[in-house]
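A.B. asks: Encoded as C-alpha cells, here's the structure I'll be asking about.
The values are calculated or read from the model by the stated rules, or taken from the named source; none is laboratory data. Quick caveat: nothing in here was measured; it's all calculated off a predicted structure. Quick reminder, even Gly has a Cβ in these numbers, built from the backbone with ideal geometry, and neighbours come from all protein chains shown. With ligands, DNA and RNA removed, areas are computed over all heavy atoms of the protein, side chains included. Shrake-Rupley method; radii C 1.70, N 1.55, O 1.52, S 1.80 Å.
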Protein chains: 4
Amino acid sequence: MAQEKRPSTTRRSERSRTAILTAARELVSEVGYAKLTIEAIAARAGVGKQTIYRWWPSKGAVVFDSILSLSEGADDGEIALPDTGDLEADLKTVLRATVAEFADAEFEAPIRALHTEIIGDPELAAAYREKMEAPMREAKKRRLRSAQDAGQLSADADLDLVLDFLYSPLTQRWLTRSGPLDEAFADALVDATLRAFRGS
Amino acid sequence: MAQEKRPSTTRRSERSRTAILTAARELVSEVGYAKLTIEAIAARAGVGKQTIYRWWPSKGAVVFDSILSLSEGADDGEIALPDTGDLEADLKTVLRATVAEFADAEFEAPIRALHTEIIGDPELAAAYREKMEAPMREAKKRRLRSAQDAGQLSADADLDLVLDFLYSPLTQRWLTRSGPLDEAFADALVDATLRAFRGS
Amino acid sequence: MAQEKRPSTTRRSERSRTAILTAARELVSEVGYAKLTIEAIAARAGVGKQTIYRWWPSKGAVVFDSILSLSEGADDGEIALPDTGDLEADLKTVLRATVAEFADAEFEAPIRALHTEIIGDPELAAAYREKMEAPMREAKKRRLRSAQDAGQLSADADLDLVLDFLYSPLTQRWLTRSGPLDEAFADALVDATLRAFRGS
Amino acid sequence: MAQEKRPSTTRRSERSRTAILTAARELVSEVGYAKLTIEAIAARAGVGKQTIYRWWPSKGAVVFDSILSLSEGADDGEIALPDTGDLEADLKTVLRATVAEFADAEFEAPIRALHTEIIGDPELAAAYREKMEAPMREAKKRRLRSAQDAGQLSADADLDLVLDFLYSPLTQRWLTRSGPLDEAFADALVDATLRAFRGS
DNA sequence: CAGTAATCGAGACGGTACGTCATGTCTTTGT
DNA sequence: ACAAAGACATGACGTACCGTCTCGATTACTG
C-alpha cells in the first residue's frame, strides 16, 4: 500500500478501508475517473470523507490502491510467464492476453484512470512503477533471459529495451486510441521485436 | 481550429482569441494542466468567461488550440525531414531533436497537458491526431519511403509499425518518466528498429 | 440594510435576497437560532451558498436583516406612541403590548436569536441599536417629552434612564426566563418608574 | 456542581476535572464562547474528549462549572452585603463594584459566554439562577429587609422588583454595550430606585 | 494483595456544516 | 451588437468539530 502513510499505531478500520477501495473501483467504472469525486466514494462506502483524507493523500492514490488491492495476496509468490520453449509463441500468447485485457472495459477503465493521473503526478508514477509495473517487468525479463540461454535471443540484448519495443506501441495505441488494437498487431510487434533482437 | 464551432457570422474578436490562447499557454506552464481553470484564463486574458465558452467546448480544446496556434502558418507548406541519404543518421538526428523537445519544460508542459486530456477524451484525441500528429506522421513516412526506394528499408515494411517502434517507447518514457530519456536511448531505438525492418 | 456591504454596482437579485430573508425567518422559528445553518437557508431559499456569503458577513447578519425586512417601509414615517394625555395609562398599554409580543413564539424566536448573537458581536449590536432600537427609543422619548410638558414627568428627568427603568427589567426577564412576564409586572414597572420620575 | 451527573461511585479524576475547568476558563477568555470547542478544551487540558462528555452534558455546562469553580468554598458561608445603616451609600458601593467587575475582561468574558447560552437553554438558565444568582439575590434582599426595618424603604415594597430596578439596567447595558457603564450610571440607578421605593 | 471493573488519554469513526472555489449560464452595463 | 464584468445555482473541495466508539494503560476499590 505504498500510497498510504500507515502509522505504527494502526487503529484503522479494515472494514472502512475495504469499502472505500471497492467503492472507488466501482465508481471509476461507472462514471469515469474525471467525474469521480471523493464525496461520491465516501457516500458509496458509507464512510466519512475524513476517513479517506486521513489515509490517502489524493484521489489518484485511492484509485491506485483500489487497483492494487485486486491483486493482493497474489503478488507474494512470483509471477511466471508461460515458457514452452518457443519464445515467439509464448510472447504472442502474452501480448494477445494484454490486448484482451485492454478490450475489457471493467479492467481497462481504472487503469486508464490511473495513467491519466500518473502523467501529472511523478510521485504516483513512481509508486505505480514500483508496486505494479516492476513485478510484471521482472517476470517478463525472466522469460527473456530463459530465451537468451536457449539462444533464441541475442545474449547482449538490452532486455528493458526489448520490453519497451514489445509493450510501448501496445500501451500507446490503447491510451490514445490511435489505431486498431488486435491480435494481428500483437503478433506483428512480436515478429518485429524478435527480428531486431534475435540471436545471431 | 477543429475544436471551435465558428459560426458563419464571424464577428469574433481576434484580439480576444489571441489573448486567451496566450494566457492558456502561459498558465499551463505556470500551474500545470490539472490546476488550470477557465476563470484564470479569462482573468489573465482580460476577457469575459463567456467569450471562452462561446468559442471553445472544453478546457482541453482551449489548450489544444493554444498549442496549435504556436505552429500556425508553418503547417501550410509541407514539413520535410532531413534526407541526407543516410537513414540511420537522419533518424537519429530527428529522434534526438524529439528528446531535446521533451527536455524543454516550456514545450513539454502544454503537450503533456494535452496528453492527459486525450486519454479520457476520444474526440479530442481524434482532433489531435488529425491536426497535429498526422502531418508529422506523413512527413516521417515520406522519409521512410525514400529509404525503401534506396533499399535501406524492407520494401514490404509496415511504415506505421516502424514509426510506432521508433516513437512509442520514447513517448511512453516521457509521459511516465519511467527511465532516462537521452540520446543514447534515441540511438538505441533507431538501431533496433533498423535491425527489425532492414531490407534483406 | 446596515449589515450588507452593498456595492455601488448592484447587480443583485432581489428575488434571491427576499427568498433568503424569508427562509431565514422561517428556519429560526422552526429549529431555533443555534441549529440554524447557512446551508439550510440556502437550500430552503433555492439559492447557492455563495449568494449568501457574497452579501452577508455572518449568520447573525442574515437573521438581523430578516427581522429588519419585516418592518420595511413602515420605518419611513415616524412611529408614534399613543398619547391620550394620561401617561400612566399610555405606558401600561405599550408595555402590555410588549409583554404580549414576547409571548408570541413567532415574533419572539428571531429576536431572541438576534440577542444571542448581539451579546458576542459588538458590530451587530451597534447595527441593532442604530436600525431597530433607535427609532423606537426616539418615539418613546417623544411621548415622555410630551408628558414632561404636561407636568406628568419631572422636567429634568433623564429620559434614557426612564426608558431603562421601564424596559430593562422586562427584557431581562424575557431573555433569562427568570420570572413571570405578565401584565401585572408591566403595570408594576410603570407605577414604580412614575414614582421615581414623577414631577414634583 | 448542578450540571454534573455524579455517580455514587466517584472514581472521578480530580486532576482531570480541574484541568478541564481551567482550560475552559482560559479558552473562553482567549477565543470567546462562540469559538470555544470541546476538542480544544480536551487538548488544552490534556484529557480525552470522552472524559468531558462523560461528566458534562453540554459546552454550556462546562463553562458554567468553570465559572462556579472560581467561587468554590466561599459559598458555604452566607454572603453579606455591607450594612452601614446608610442604604443609599451601601447600594452605591455594591453597584459600583458590579460595574468594576463588568469592566474586567478576565471576569467578564466567561459570564458573558454563560449569558449567551442561557438565552437559548432554559435548563442552563435554571441552573444559573439556582446556583449563582439565588445566593446573591438572597443576600441583597437581606440588606433591603434591614433597610425596611430601618424605615428607609417602604415596608410593602416588592423586593424582587427593587432588585430588578437596580440590576436589570446595569446588566442590559453590559450585555448589549448600549451605553456607558460607569459609576455615575450606578449612582443614578440607586437614586431613582430609592425615589420609587422610599418609605413614605 | 490480587483481581477486576470503571476511568483515563488517545484518537479513529460516520456525520454535518463550514467557507471557498470553479463550473457553465444568464444578466447588466458600457461602448 | 457585441464584449467585459460578474451574479447566479450548482456541487465538490478539504477542514473543523460533533458525539460515539474502540483501544490499551492506569488506578483504586473489593473480595
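A.B. asks: Kindly evaluate D:E101 against the criterion of being within 13 Å of chain C (Cβ to nearest Cβ), within 19 Å of D:S168 (Cα to Cα) and surrounded by fewer than 18 Cβ atoms within 10 Å (Cβ to Cβ).
C.D. replies: Working: within 13 Å of chain C (Cβ to nearest Cβ): no; within 19 Å of D:S168 (Cα to Cα): yes; surrounded by fewer than 18 Cβ atoms within 10 Å (Cβ to Cβ): yes.
Considered against the rule, which asks whether it is within 13 Å of chain C (Cβ to nearest Cβ), within 19 Å of D:S168 (Cα to Cα) and surrounded by fewer than 18 Cβ atoms within 10 Å (Cβ to Cβ), D:E101 comes out as no.
A.B. asks: Does at least one position in the range A:166-173 carry a residue that is among the β-branched types (V, I, T) and either modelled with pLDDT under 95 or farther than 21 Å from B:R137 by Cβ (or both)? Before you say what the answer is, go through the steps one by one.
C.D. replies: Within the range A:166-173, the subset among the β-branched types (V, I, T) is A:171.
The next check asks that each one be either modelled with pLDDT under 95 or farther than 21 Å from B:R137 by Cβ (or both); those that pass are none.
Scanning the range A:166-173, I find no residue that is among the β-branched types (V, I, T) and either modelled with pLDDT under 95 or farther than 21 Å from B:R137 by Cβ (or both), so the answer is no.
A.B. asks: Then there is this: Which residues, taken from the range B:46-60, are open to solvent by less than 30 Å² (accessible area, probe 1.4 Å) and under 23 Å from B:Y128 (Cβ atoms)?
C.D. replies: B:I52, B:W55, B:W56, B:G60, listed by residue number.
A.B. asks: For the range C:94-102, does any single residue satisfy the condition of being part of a helix (DSSP H, G or I), over 20 Å from C:V28 (Cα atoms), hydroxyl-bearing (S, T, Y) and away from DNA strand E (no atom under 16 Å from the Cβ)? Outline the logic, then answer.
C.D. replies: Our first condition is that a residue be part of a helix (DSSP H, G or I); within the range C:94-102, this holds for C:94-102.
Pick out the ones that are also over 20 Å from C:V28 (Cα atoms) and you get C:94-99.
Right, trim to hydroxyl-bearing (S, T, Y) and you get C:98.
Applying the additional criterion that residues be away from DNA strand E (no atom under 16 Å from the Cβ) yields C:98.
Yes, the range C:94-102 contains at least one residue that is part of a helix (DSSP H, G or I), over 20 Å from C:V28 (Cα atoms), hydroxyl-bearing (S, T, Y) and away from DNA strand E (no atom under 16 Å from the Cβ).
A.B. asks: Given the conditions (1) at negative phi; (2) in contact (Cβ under 8 Å) with a residue 40 or more places away in the chain, which single one is not true for A:D156?
C.D. replies: (2)
A.B. asks: Could you tell me whether B:D83 is assigned to a loop (DSSP other than H, G, I, E, B) and assigned by TED's automatic domain parsing to the domain that holds B:A192?
C.D. replies: Details: assigned to a loop (DSSP other than H, G, I, E, B): yes; assigned by TED's automatic domain parsing to the domain that holds B:A192: yes.
Here the answer is yes, as B:D83 does meet what is asked.
A.B. asks: May I pose another question? Within the range C:21-45, which residues are open to solvent by 20 Å² or more (accessible area, probe 1.4 Å) and near DNA strand E (Cβ under 8 Å from one of its atoms)?
C.D. replies: C:K35, C:T37, C:I38, C:E39, C:A40 - these are the residues of the range C:21-45 that are open to solvent by 20 Å² or more (accessible area, probe 1.4 Å) and near DNA strand E (Cβ under 8 Å from one of its atoms).
A.B. asks: Just to check your reading of the model, which residue among B:R145, B:R96 is surrounded by fewer than 19 Cβ atoms within 10 Å (Cβ to Cβ) and within 29 Å of A:G120 (Cβ to Cβ)?
C.D. replies: On the way: B:R145 fails: within 29 Å of A:G120 (Cβ to Cβ).
Within the list B:R145, B:R96, the selection yields B:R96.
A.B. asks: So, in the range C:28-50, of the ones that are in contact (Cβ under 8 Å) with a residue 40 or more places away in the chain and assigned to a helix (DSSP H, G or I), which residue ends up nearest to C:E106 (Cα to Cα)?
C.D. replies: C:S29
A.B. asks: Return yes when B:F107 is within 30 Å of B:E26 (Cβ to Cβ), of a type in the set (A, V, I, L, M, F, W, C) and surrounded by fewer than 16 Cβ atoms within 10 Å (Cβ to Cβ) and no when it is not. Lay out the reasoning, then the answer.
C.D. replies: Numbers: within 30 Å of B:E26 (Cβ to Cβ): yes; of a type in the set (A, V, I, L, M, F, W, C): yes; surrounded by fewer than 16 Cβ atoms within 10 Å (Cβ to Cβ): yes.
So B:F107 fits the description; yes.
A.B. asks: Restricting to the range D:1-54, and then to whatever is more than 12 Å from DNA strand F (Cβ to nearest atom) and polar (S, T, N, Q), can you tell me which residue is modelled with the lowest pLDDT?
C.D. replies: Among those that are more than 12 Å from DNA strand F (Cβ to nearest atom) and polar (S, T, N, Q), it is D:Q3.
A.B. asks: Among A:D121, A:D90, which is the only one that is facing another protein chain (nearest Cβ under 10 Å), surrounded by 16 or more Cβ atoms within 10 Å (Cβ to Cβ) and in contact with a helix residue (DSSP H, G or I) (Cβ under 8 Å, 6 or more places away or on another chain)? Break it down into steps so the answer makes sense when it comes.
C.D. replies: Values: A:D90 fails: facing another protein chain (nearest Cβ under 10 Å).
Testing whether each residue is facing another protein chain (nearest Cβ under 10 Å), surrounded by 16 or more Cβ atoms within 10 Å (Cβ to Cβ) and in contact with a helix residue (DSSP H, G or I) (Cβ under 8 Å, 6 or more places away or on another chain) leaves just A:D121.
A.B. asks: Something else: Before we move on, is C:R129 within 13 Å of another protein chain (Cβ to nearest Cβ) and of a type in the set (D, E, K, R)? Can you show your working first?
C.D. replies: Working: within 13 Å of another protein chain (Cβ to nearest Cβ): yes; of a type in the set (D, E, K, R): yes.
When the stated conditions are applied, C:R129 passes them.
A.B. asks: How many residues does the range B:188-200 hold that are more than 8 Å from chain A (Cβ to nearest Cβ) and open to solvent by 30 Å² or more (accessible area, probe 1.4 Å)?
C.D. replies: Matching residues across the range B:188-200 total 3.
A.B. asks: Taking only the range B:14-27 into account, find how many residues are in contact (Cβ under 8 Å) with a residue 12 or more places away in the chain and among the charged types (D, E, K, R).
C.D. replies: Result for the range B:14-27: 3.
A.B. asks: Which residue, of A:D164, A:D160, is facing another protein chain (nearest Cβ under 7 Å) and of a type outside the set (V, I, T)?
C.D. replies: Values: A:D160 fails: facing another protein chain (nearest Cβ under 7 Å).
Every option except A:D164 fails the conditions.
A.B. asks: OK, next. Limited to the range A:168-187, what total is found for residues that are at the interface with chain B (Cβ under 7 Å from one of its Cβ atoms) and surrounded by 17 or more Cβ atoms within 10 Å (Cβ to Cβ)?
C.D. replies: Residues flagged as at the interface with chain B (Cβ under 7 Å from one of its Cβ atoms) and surrounded by 17 or more Cβ atoms within 10 Å (Cβ to Cβ) within the range A:168-187 amount to 7.
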